[in-house]
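Structure first, then comments.
The values are calculated or read from the model by the stated rules, or taken from the named source; none is laboratory data. In this text, all values refer to a predicted model and were calculated from it rather than measured experimentally. Glycine gets a Cβ as well: all are built from the backbone with ideal geometry, and neighbour counts include every protein chain shown.
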Amino acid sequence: MKISPLQIERLQYNPKLPGMLRGGIAEICVKEGEPTQSVADQEKIQALFPNTYGKNEITFQKGQNTSEAKKQVVGVILSGGQAPGGHNVVCGLYDALKATNPENELFGFKNGPSGLIEDDYLVFDDEYIDQYRNTGGFDIIGSGRTKLETEQQFAVAAEVCKKHGITAIVIIGGDDSNTNAGVLAEYFAANNTGVQVIGCPKTIDGDLKNEDIECSFGFDTATKTYSELIGNIERDANSAKKYWHFVKVMGRSASHVALECALETQPNICLISEEVAAKKMSLSELADNIADSVAKRAAKGMNFGVAIIPEGVVEFVPEFRVLIDEINELLAGAKADEFNALPSWADKYAFIEKGLTKESMDVFAILPQTIQQQLFLERDPHGNVQVSLIESEKLFSALVAAKLAERKEAGTYNGKFSPLHHFFGYEGRCAFPSNFDADYCYSLGYNAFMLIQYGYNGYLSKISNLSKPAEEWVAGGMPITKMMNMERRHGEDKPVIRKALVELDGKPFKYFEAHRAEWAEETAYTYPGAIQYYGPASVCDLTTRTLALEKGE
């Protein structure tokens with residue numbers, strides 16, 4: 001395998017650990033914290049997790065290691081979408097495991113949770129794992145989206161673990177994956193398998209966070225990658241002075257990525273889905289807000305700009321959500337076949353017009369035809385509209401163009417509007433991890449093994465105080481059930497980890513809110529540039545603007 005000069009250099013990087021995890025395994029002890037309870041629905045969650053609910057939070061500190069000395073055979077799984085730093089979680093886990101006892105083994109189950117069910121694995125050794133240190137991607141063992149949620153799956157997993165003498169499983173994933181980790185931990189405990197389960201918080205979307213989890217890994221690198229690209233676009237826009245760039249970024253359920261990129265680059269417009277929902281903003285209102293910025297800048301001779309659009313924003317527009325619900329109902333069952341058999345879009349449009357309420361048809365009618373048709377593309381497995389397929393960056397530029405045409409006709413606008421479109425998603429998921437993510441992820445993996453060694457089950461590896469230098473980071477663990485509540489999923493009430501949305505009274509949003517009127521009218525762009533791996537810590541170890549603002553820095 002040919003590797004680049006940068007990868008050669010990155011393989012030599014030694015990730016930084018929290019001070020309490022440095023100096024040798026024999027010098028790490030546990031401090032027990034307070035018992036925990038779930039964020040909501042305490043009685044229901046406790047009833048579903050009688051063996052793993054209410055456990056204490058713990059913190060590691062310097063002191064005599066009192067854990068039981070025994071051989072550990074650990075399995076690791078990468079679950080869900082890729083996030084920069086995943087390889088370092090595995091490396092940190094491996095290094096702690098081998099430092100404790102060279103006879104310990106680490107099994108990597110291939111292609112996600114299905115690898116555990118199918119008994120498809122490799123056993124790591126130094127030569128193999130050393131190729132992946134400080135690199136992006138999940139190709140060390142691959143990832144997958146299989147959910148571990150049925151009794152049959154759990155029974156098979158228990159048999160596979162028994163076959164290999166596996167004492168613990170580490171699941172590296174987002175909110176759904178760690179929910180599954182919690183359920184699997186409960187099953188293993190209830191059936192006395194002797195197998196522990198530990199989770200690690202991953203997602204570039206940033207929505208796996210709470211008072212304990214300050215940041216999910218990958219968010220730092222991904223947003224820095226997108227911000228570099230957006231900054232480049234801003235500089236191009238300010239050079240050419242003739243295009244409006246509409247940039248869609250990942251974040252279907254929350255707008256953390258969009259907000260962080262806006263804080264990094266100061267674009268003219270950034271929509272925040274949570275604000276759209278809270279203020280019950282309509283598509284027309286959103287389009288008018290963007291058009292206002294276009295018009296004000298055009299009046300100053302600036303017929304260019306940059307707008308950041310979160311991937312899932314349309315789902316937060318109340319009228320659009322009603323429209324989606326009506327379309328899902330309209331095409332339920334055999335009606336979908338009837339619709340698909342119609343020969344032309346005109347026939348299909350007439351079918352739609354008959355089936356929607358007047359209010360939803362009014363919304364549907366203002367959409368560009370390409371977006372209308374996207375709403376009737378391939379359905380998800382439940383027969384519903386795949387909102388993620390909607391090109392919302394093109395939707396908003398088209399709506400703005402229509403608003404500007406109306407204003408031009410009324411004589412209130414005389415500028416030029418030439419939109420260009422971008423979607424930044426996959427570009428950030430497998431980037432070389434920033435020093436922050438390289439350090440954070442290595443610490444999460446190292447810490448996960450300490451939780452295993454001390455016998456914890458159903459816990460999430462937790463590293464906090466992240467806005468400080470790594471020496472001051474705090475390592476420990478929290479029960480996965482602490483993050484859970486009950487939600488309606490596919491017609492059933494299920495325990496899930498609550499997604500963290502952008503807090504409209506939080507410091508990051510408040511800073512954005514205080515400055516966006518100026519950014520909308522002026523050219524206040526900032527250019528963060530590429531991620532830096534070498535140089536002063538003030539540049540190379542920089543945390544996200546979101547984290548810095550949350551910590552008052």
Review point. Under 6 Å by Cβ, and 6 or more places apart or on different chains, what pairs join a residue from segment 534-545 that is touching a residue at least 24 places away in the same chain (Cβ under 8 Å) with one that is outside any helix (DSSP H, G or I)?
Key: CYS540/GLN532; THR543/SER467
Review point. Which one of LEU375, LEU389 is surrounded by fewer than 18 Cβ atoms within 10 Å (Cβ to Cβ), touching a residue at least 12 places away in the same chain (Cβ under 8 Å) and touching a helix residue (DSSP H, G or I) at 6+ places or on another chain (Cβ under 7 Å)?
Key: LEU389
Practice item. For segment 271-311, enumerate the residues that are crowded, with 21+ Cβ neighbours inside 10 Å, among the small types (Gly, Ala, Ser) and not in a helix (DSSP H, G or I). Key: GLY305, ALA307
Revision key, fill the gap. Only one of TYR446, TYR527, TYR456 is in contact (Cβ under 8 Å) with a residue 12 or more places away in the chain and surrounded by fewer than 18 Cβ atoms within 10 Å (Cβ to Cβ), namely TYR527
Exercise for review: Run VAL496 past the list (1) crowded, with 17+ Cβ neighbours inside 10 Å; (2) more than 23 Å from PHE316 (Cα to Cα) and report the number of the one that doesn't hold.
Suggested key: (2)
Revision key, fill the gap. Checking GLY63, GLY80 in turn, the sole residue that is in contact (Cβ under 8 Å) with a residue 40 or more places away in the chain, at positive phi and in contact with a strand residue (DSSP E or B) (Cβ under 9 Å, 6 or more places away or on another chain) turns out to be GLY80
Review point. For segment 435-480, how many residues meet the condition of being part of a helix (DSSP H, G or I) and of a type in the set (D, E, K, R)?
Key: 4
Check your understanding: Mind checking whether some residue in segment 48-55 is at pLDDT 95 or above, touching a helix residue (DSSP H, G or I) at 6+ places or on another chain (Cβ under 7 Å) and β-branched (Val, Ile, Thr)?
Key -> yes
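Yes or no, residue by residue, for (1) hydroxyl-bearing (Ser, Thr, Tyr); (2) touching a Gly at 6+ places or on another chain (Cβ under 6 Å):
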residue: SER284; (1), (2): yes, no
residue: ASN289; (1), (2): no, no
residue: GLU311; (1), (2): no, yes
residue: VAL322; (1), (2): no, no
residue: ILE327; (1), (2): no, no
residue: LEU331; (1), (2): no, no
residue: TRP345; (1), (2): no, no
Practice item. Would you confirm whether any residue within segment 241-254 is touching a Gly at 6+ places or on another chain (Cβ under 6 Å) and crowded, with 21+ Cβ neighbours inside 10 Å? Key: yes
Point to revise | Search result, residues across segment 312-348 that are farther than 30 Å from LEU420 by Cβ, in a helix (DSSP H, G or I) and not charged (D, E, K, R) | key: VAL322, ASN328, LEU330, ALA336, PHE339, ASN340, ALA346
Practice item. Could you check, for segment 337-354, whether at least one of its residues is within 35 Å of the chain's Cα centre (by Cα), in the same structural domain as THR412 (by TED's automatic domain parsing), surrounded by fewer than 19 Cβ atoms within 10 Å (Cβ to Cβ) and touching a residue at least 12 places away in the same chain (Cβ under 8 Å)? Key: no
**Study point:** Residue in segment 538-549 that is buried (at least 24 other Cβ atoms within 10 Å of the Cβ) and more than 30 Å from ILE45 (Cα to Cα) present
**Key:** yes
